[in-house]
Amino acid sequence: MKRFLAVLVICGLATPSLLAFDTFTPSVDELLGFTKQGAGGGELQGSGTSFPGSIVMTGHVGYWGLLEEDDFIGIGSKTWDLSAYSHYGLRLFNDDNNEDWTVRLLLRSVDGGSPTTYMSPAVDLAPGTGAGIVWDISALPGLDDVRWLGFRVINPSGQDRDLFHISASPIPAPGAVLLGSLGLGVVGWLKRRRTM
């Protein structure tokens, strides 16, 4: 039993460094500070922990507004230092009941010249679906001087002017998920062992 507990402690200490890349994900408080940023004609009408007429899931921040056909809106905040991170991650949900929306993570950084915008690959979200997006930013220049960080909501071509409802939440660290699962497994095993 002592050996088993020693192995368990060693695995628990090693798991975060073995499984997790250095992923930056904004906290809920930081997400509450996100506003409309950059170009794009989209209109951000509000944000918070609830949509008009509905409730956002716990731990999420909702954003709603209006997008014309073939238009987009950037939602985020300014001034970040991501030099200690190799990835940027965010979980985005389409809380809309009738429209598909395309989303991308993005950041705008400066590396000795003018600011440059970088975007993750596009992800299409059908109504009621979500995606955890983890974007490898390790090769991007200027991560110590990120002027803007957030995500973009895009109204796909051929889709009429409409209201969008998107919610965002932090992505949990893989090590934390594994450690939590491991802890539950040990508790279940100990409980089962005592009852047999």
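The values are calculated or read from the model by the stated rules, or taken from the named source; none is laboratory data. All values reported here derive from a predicted model rather than from experimental measurement. So basically every Cβ, Gly included, is an ideal-geometry build from the backbone, and we count neighbours across all protein chains shown.
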Study note, to complete from the structure: Okay, strands (runs of 3 or more DSSP E) sitting entirely in the stretch 65-163 with 3 or more residues that are crowded, with 17+ Cβ neighbours inside 10 Å, I get 72-80, 87-94, 101-109, 130-136, 146-154
Review point. Quick check, is R152 closer than 17 Å to G38 by Cα and charged (D, E, K, R)?
Key: yes
**Study point:** Matching residues, the stretch 33-42, being within 13 Å of Y63 (Cα to Cα) and loosely packed, with under 15 Cβ neighbours inside 10 Å
**Key:** G33, T35
Exercise for review: Could you list, in sequence order, all residues of the stretch 2-52 that are at pLDDT below 60 and small (G, A, S)?
Suggested key: A6, G12, A14, S17, A20
Review point. Could you say whether any residue in the stretch 27-35 is under 24 Å from N155 (Cβ atoms), without any contact (Cβ under 8 Å) to a residue 60 or more places away in the chain and either of a type in the set (D, E, K, R) or in a strand (DSSP E or B) (or both)?
Key: yes
Practice item. Scan the stretch 134-189 residue by residue and report those that are at pLDDT below 90 and among the acidic types (D, E). Key: D160, D162
